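Below is one structure; the comments refer to it alone.
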Amino acid sequence: MLSPQSSASTGSGSSGSPQSNWSNTDPNSAVHKNVARSRDLNSSSTDIAPLTPGSHNIALDLGQVFLMGDLNKYSDSLGTQLHYTYGVSDLLAFDSSLGYSQHSNGQFSMITALTGVRLNLSWYDKIIPYAVAGLGFYRPSYQDNTGGGSTNNTNGFGQSNGAPNVSAILFGLHLGPGIDLELSRNMFFGAAVTFHSMFGNKQTWSNGNTLNVGGTYTSFFLHIGASF
């Protein structure tokens, strides 16, 4: 009585169906998991949106530069910047820029090379308010109108101005808020207000008088950029 049943059970255990069903289930499920995981990695690596982690963002800034303090004797003027931002995480990004502005018909000009950290305050739909803080180098250039020195000099940018320049490379800091709007999966638009403070230095005019170079100013820039 027991022999046929035991042999039947043994036969069913040695038949291909149960073993093949078990062997086909686990490897296939593992494969499906690996495929799904690779799809997620591929989609995350190729689906780049503005200012998201891993994105490279280049923007052109244009706006007004408002001189303050001792620099207020020169007129406010338009300024430009080339901006680069690398998304490190949803919260933080690396921020850098290269800018230029000229004031009072070339009597004063600035070249800036800045770097810092961007903090994304929130992600609300397609709007991203943020704050930036950092350090950088400033090169203010002053036209010497004191009447001394040679009159056959250039203003440091290859343009003759009839008077020599006084310039210096200074260290400084900048900080301020901004906001960005995602226009598409690869383009964004925004605005930022930034306060700049150049650490002061003393230079000498051609007539021997000293000049305190440096100072503070505020920039208001609109920007449009692309992500890749």
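The values are calculated or read from the model by the stated rules, or taken from the named source; none is laboratory data. These figures come from a predicted structure and were not determined experimentally. Note that we place each Cβ from the backbone using ideal geometry, even for glycine, and neighbour counts take in every protein chain shown. What goes into the accessible areas is simple: the full protein's heavy atoms, side chains included, and nothing from ligands, DNA or RNA. Shrake-Rupley method; radii C 1.70, N 1.55, O 1.52, S 1.80 Å.
Scanning segment 59-98 for residues that are small (Gly, Ala, Ser), surrounded by fewer than 14 Cβ atoms within 10 Å (Cβ to Cβ) and in contact with a Pro (Cβ under 9 Å, 6 or more places away or on another chain) gives a single hit, 89.
Kindly evaluate residue 132 against the criterion of being in contact with a Lys or Arg (Cβ under 7 Å, 6 or more places away or on another chain), modelled with pLDDT of 95 or more, among the β-branched types (Val, Ile, Thr) and open to solvent by 10 Å² or more (accessible area, probe 1.4 Å). Answer is yes for this residue. Which one of the conditions (1) under 16 Å from residue 223 (Cβ atoms); (2) assigned to a loop (DSSP other than H, G, I, E, B); (3) without any contact (Cβ under 8 Å) to a residue 60 or more places away in the chain does residue 84 fail to meet, given that it meets all the rest? With respect to (1) under 16 Å from residue 223 (Cβ atoms); (2) assigned to a loop (DSSP other than H, G, I, E, B); (3) without any contact (Cβ under 8 Å) to a residue 60 or more places away in the chain, residue 84 is out only on (2).
The residue of segment 99-129 that is least open to solvent (accessible area, probe 1.4 Å), among those that are outside any strand (DSSP E or B) and closer than 22 Å to residue 55 by Cβ, is 122. Annotation: residue 57 fulfils all but one of (1) modelled with pLDDT under 95; (2) under 12 Å from the mean Cα position of the chain (by Cα); the unmet one is (1).
Within segment 199-228, being among the hydrophobic types (A, V, I, L, M, F, W, C), assigned to a strand (DSSP E or B) and at pLDDT below 95 holds for 199, 211, 213. Return a yes/no flag: does segment 199-210 have any residue that is under 22 Å from residue 77 (Cβ atoms) and open to solvent by less than 20 Å² (accessible area, probe 1.4 Å). Within segment 199-210 (the criterion being under 22 Å from residue 77 (Cβ atoms) and open to solvent by less than 20 Å² (accessible area, probe 1.4 Å)), the answer is no, since none of the residues qualifies.
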